[in-house]
Amino acid sequence: MSRATKARSGVLGGLASGMMTVAESLLGMSCRSFIRLVSARYERPLGPGERLRQRIHRAMCRICRQQELRMAQLHDLARDIGQVSTDSADEAQHPAVELSPEAVARIRRAMDEASNRPPRT
C-alpha cells in the first residue's frame, strides 16, 4: 500500500468516526444507547424523542440495523419457545415452575447490576 493510499484511508476512516462523534453529540445517541433502547422497546413503549433519535441513528448505522434485526429474531424465538402446549403429557414432562417473590427480586437485581442500570423499585 502506498503512502498516498494510507493517508487517504486514514483521512476517510477519521472522517467517518468523526461524523459518528458529531452525530452522537448532536443526537445524544451512541450505538450502546441505541441497543439499550431496542431492548427497552420490548419492555415499555418508547417516548417520541427516543423513537426519533433511534430512527435517525438506525438510518446512519448499518451495524445497529443488523443488531436490531438479530434482537428481533431472538425475541421472536424466545416468544415461540414460551408458547408451550398445555398437553397433559407435556405438562408431566415439564411441570410449571413458580418463583418466590424473593427469587424474582434477586434475579431483577442481578440483571440490573449486569446492565449497569439503576435498580427497579
Review point. Within the stretch 67-81, can you find the residues that are of a type outside the set (D, E, K, R) and within 15 Å of Ser33 (Cα to Cα)?
Key: Gln67, Met71
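Results for (1) of a type in the set (Gly, Ala, Ser); (2) at pLDDT 85 or above; (3) within 30 Å of Ser30 (Cα to Cα); (4) in a helix (DSSP H, G or I), shown as yes or no for each residue.
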site: Arg65; (1), (2), (3), (4): no, yes, yes, yes
site: His75; (1), (2), (3), (4): no, yes, yes, yes
site: Arg79; (1), (2), (3), (4): no, no, yes, yes
site: Val84; (1), (2), (3), (4): no, no, no, no
site: Ala92; (1), (2), (3), (4): yes, no, no, yes
site: Val97; (1), (2), (3), (4): no, no, no, no
site: Ala103; (1), (2), (3), (4): yes, yes, no, yes
site: Arg108; (1), (2), (3), (4): no, yes, yes, yes
site: Glu113; (1), (2), (3), (4): no, no, yes, yes
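The values are calculated or read from the model by the stated rules, or taken from the named source; none is laboratory data. Note that the structure is predicted; figures quoted are calculated from it, not measured.
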